[in-house]
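A short worksheet on the structure shown next.
The values are calculated or read from the model by the stated rules, or taken from the named source; none is laboratory data. The structure presented is a predicted model; accordingly, all values stated were derived computationally and were not measured. Backbone-built Cβ (ideal geometry, glycine too); neighbour counts: all protein chains shown. For the accessible areas, the whole protein counts, side chains as well, though only heavy atoms, and no ligand, DNA or RNA atoms are used. Shrake-Rupley method; radii C 1.70, N 1.55, O 1.52, S 1.80 Å.
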Amino acid sequence: MSETVQVVAVTKSYGNVKALTDLSCVFREGETVALVGHNGAGKTTLIKLLLGLVRSDSGTVRVLGEDPAAGQFAARQQLGFLPENVSFNMALSGRETLTFYARLKRVPLASVGSLLERVGLGEAADRRVGTYSKGMRQRLGLAQALLGRPRVLLLDEPTTGLDPALRRSFYEIVAELRADGATVLLSSHALTELEGKADRVVIVNRGRKIADGTIEELRSIARLPTRVRVTL
Ligand code: ATP
């Protein structure tokens, strides 16, 4: 499996706050990786680096072979992103919202209807987003992230606030993406929820990577800090 994301010895601070310290990790094609850590651990900062929204202070970041912070980042089109607490214009319908993003991303508009079906919003497509539940908005966010069949998907705490049934259907879609060969990065606080869903887990604590392996491998590591071990 080829490497789609390479992060080598990356350090990133915001003023005096060190968000990431000497962090290295690699993600591959067809791999679902969980990025796990407590609040403030640095998960969103890593995602922002991969999107090219912030620059590292040192170290290198490559997404599909390119530097995301470079002016010309052609691979941006192949990157899908679902932010934490996604928000939309409540006055637009689901279909109008996705059409807007499809135009922005220069993706054929023909894919809008099928994507809405895929995330289970086919029947609600013409209702205003203001009438959607949190779970429906999250699914719309996922549809937006899936526009253009991205090779790398970055999902920032995608299941927070979803009920168990919605979580299950969310993970079913993630499994399909994995089968399509996409690299999926899921950030989360809850490692237990990701059992059987992620091929690998990367745990960050205070900006440092403290573990990287399958859930079974991580269970056997004694030196994880207690607060993190509790969630294993
Ligand atoms: P959460 O689970 O709460 O989203 P996280 O693991 O995603 O947390 P980050 O958002 O990456 O963590 O934050 C890492 C550290 O960097 C935290 O201490 C945070 O307060 C700090 N930080 C993040 N963004 C900024 C910013 N724009 N300016 C200053 N400090 C920031």
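Numbers at a glance
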| quantity | calculated |
| --- | --- |
| Fully extended contour minus Cα-Cα distance, from Leu92 to Asp22, at 0.36 nm per residue | 20.9 nm |
| Farthest positive-ward along the chain dipole, Cα basis, beta-carbon charges - from Pro108, Gly196, Gly207 | Gly207 |
| Rounded to 10°, Cα long-axis angle of helix 94-104 versus longest principal axis of the chain | 70 degrees |
| Estimated D of segment 73-232 in µm² per second, where Rh is the Kirkwood radius over Cα pairs and Stokes-Einstein applies at 37 °C, 0.692 mPa s | 195 µm²/s |
| Net charge of neighbours whose Cβ lies under 9 Å from the Cβ of Thr159, counting Lys and Arg as +1 and Asp and Glu as -1 | -1 |
| Neighbour-limited loop hits for trypsin sites (Lys or Arg not before Pro), segment 1-85 (at most 15 other Cβ within 10 Å; DSSP other than H, G, I, E, B) | Arg55 |
| Accessible area (Å², 1.4 Å probe, nearest 10) - Ser169 | 30 Å² |
| Residues of segment 51-147: accessible area per residue with a 1.4 Å probe, Å² | 51 Å² |
| Cβ-based net charge around Gly196, under 14 Å, with every Lys or Arg adding one and every Asp or Glu removing one | +1 |
| Solvent-accessible area, 1.4 Å probe, carbon plus sulfur percent, for segment 1-101 | 48 percent |
| Förster radius 45 Å - calculated FRET efficiency between Gln77 and Thr192, Cβ distance, rounded to 0.05 | 0.80 |
| Nearest-10 value in Å² for the accessible area of Met1, using the 1.4 Å probe | 150 Å² |
